[in-house]
Amino acid sequence: MQGERPTVEESASIGNERMHQLIDIQSSDPSEFFSRLEKLSWIRLAGSNTLANPGAFHVAFLELVTLLQEIVFNQRGPAVLGYFERLELIYSAHFGATYNHLYRVVRVNLGVLLYVNELGATYRWLDSVILNSASVMPLDEISRVEAPADVQDELRALLAAGEGGLPVTGKLGLTHPIGLALLRFAIAHELGHLIDLGESQRLQDMWRENAWADYNDALQYGLSARWIDQAGYARLQRTSLDERVAARWGREFVADGLGFYTASRIPPPNTVWLQIAVEVFFHSLVAVYRGDTGSETHPSPMLRSTIIRAGQRKLRRVGWPEFLAQHWGPGFITSELLATAIRKIGR
């Protein structure tokens, strides 16, 4: 049967072989790298390959391979790479990734890498505003911070990404720690789907129970913070969701949690970079989709971001004000800054 998952032992054997293949094909020559990549039986390259030529694109792809090594070796072992039949890498300026659990096919749209690469100026802006400040920025001053012209240009490009794709400017945002953390989270999220698939039913149920508890906490906070009203709160209650929608959202919540956990443990651990990257990622989705909208398959970006916050708050056992001020300060400031900038350029 095509969708039947191999045993743990078989997955470990397949994963080890695939990991060594990925290590062996790394090269500084873009043409040689891609031609060797296409020869792997478990990787399929789809779409126009014209985007593979720019140097920035090649750097981004090599980073993907490197991060696969780091995440897999440091977490669940190479067995994770043996849980799927095929990895499809799609040449497209759009971004996103999916996992078909029935046929065990992972599709990574390489626009994810272009998207990370395009935000180099935004990362440098956030770095200067948040990380290099002499002291923590007072929250009432956040709305007064203006995004410079080059940052607004990048966010405008993201506003058009849903229709026209992303340009390749060669800004090399991947060289900035925020860009690397963002890419790690995005890849770790997709690997999280594989990890979830490969675990026991007992552990899957426990992960979902924790995720829905964080979901309830996020909704309560959203109501008190007034980013959702009473009607929205009632509509988003788990008991109000269609059963299929709830199942799909649950998979995304678990993958987000596993992605954050995995990315936070790639050495050296730096949760400041990661929390900023998570906020950049979800706010960029708001820009691309022109609003904080969800679907039957994916919850809204800001809801997902708040659920990750809720999980981290629970670990620290503190109230929301203390958590946001002391444990998620850079991430919260990033969220407010980007939300303000997106509102201004989206008018």
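Once fully extended, how much extra length lies between Asp150 and Asn132, figured as 0.36 nm per residue of separation less the alpha-carbon to alpha-carbon distance? Please list the in-between numbers first.
Details: separation 18, 0.36 × 18 = 6.48 nm, distance 1.94 nm.
4.5 nm is the gain from fully extending Asp150 to Asn132.
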Distance (nanometres) between label positions extended 7 Å along Cα→Cβ at Asp205 and Glu243: 1.7 nm
Selected from Ala211, Gln275, Tyr289, residue furthest toward positive end of dipole (segment 121-345; charges at beta carbon): Ala211
Computed over segment 121-345: relative contact order in percent, which uses C-alpha pairs under 8 Å that are six or more apart: 31 percent
Candidates Leu45, Leu159, Leu223: whichever shows maximal mean-square fluctuation once the chain is modelled as a Gaussian network with Cα springs under 10 Å: Leu223
Label-to-label distance, nm, for residues given as Ser224 and Asp29 (7 Å Cα→Cβ offset): 6.1 nm
Choice from Ile23, Ile307, Ile178 showing the highest fluctuation, given a GNM over the chain with Cα pairs closer than 10 Å: Ile23
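Return the loop-located chymotrypsin sites (Phe, Trp or Tyr not before Pro) in segment 179-285 (DSSP other than H, G, I, E, B) with at most 15 other Cβ atoms within 10 Å of their own Cβ; answer none if there are none. Numbers along the way, then the final one.
On the way: sites: Phe185, Trp207, Trp212, Tyr215, Tyr221, Trp227, Tyr233, Trp249, Phe253, Phe260, Tyr261, Trp273, Phe281, Phe282; in loops: Trp227.
Answer in residue order: Trp227.
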Along principal axes, Cα extents of the chain, largest first, whole Å: 55, 46, 37
Of Ala255, Val106, Gly120, farthest towards positive along the dipole that unit charges on Lys, Arg, Asp, Glu beta carbons give the chain: Ala255
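Using a simple charge model, +1 on the beta-carbon of Lys and Arg, -1 on the beta-carbon of Asp and Glu, nothing else, what dipole does segment 195-336 show about its Cα centre, in debye to the nearest 20?
On the way: 16 positive and 16 negative charges, 37 e Å.
Dipole magnitude for segment 195-336 comes out near 180 debye.
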Computed label-point distance, nm, for sites Trp320 and Arg36 using a 7 Å Cα→Cβ extension: 5.2 nm
Debye, to nearest 20: dipole size of the chain, +1 on Lys, Arg Cβ, -1 on Asp, Glu Cβ: 480 debye
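Quick note: the coordinates plus some simple rules give every number you see, no bench work behind them. Bear in mind the structure is a predicted one, so any value in this text is a computation, not a measurement. Note: ideal-geometry Cβ built from the backbone for every residue, glycine included; neighbour counts use all protein chains shown.
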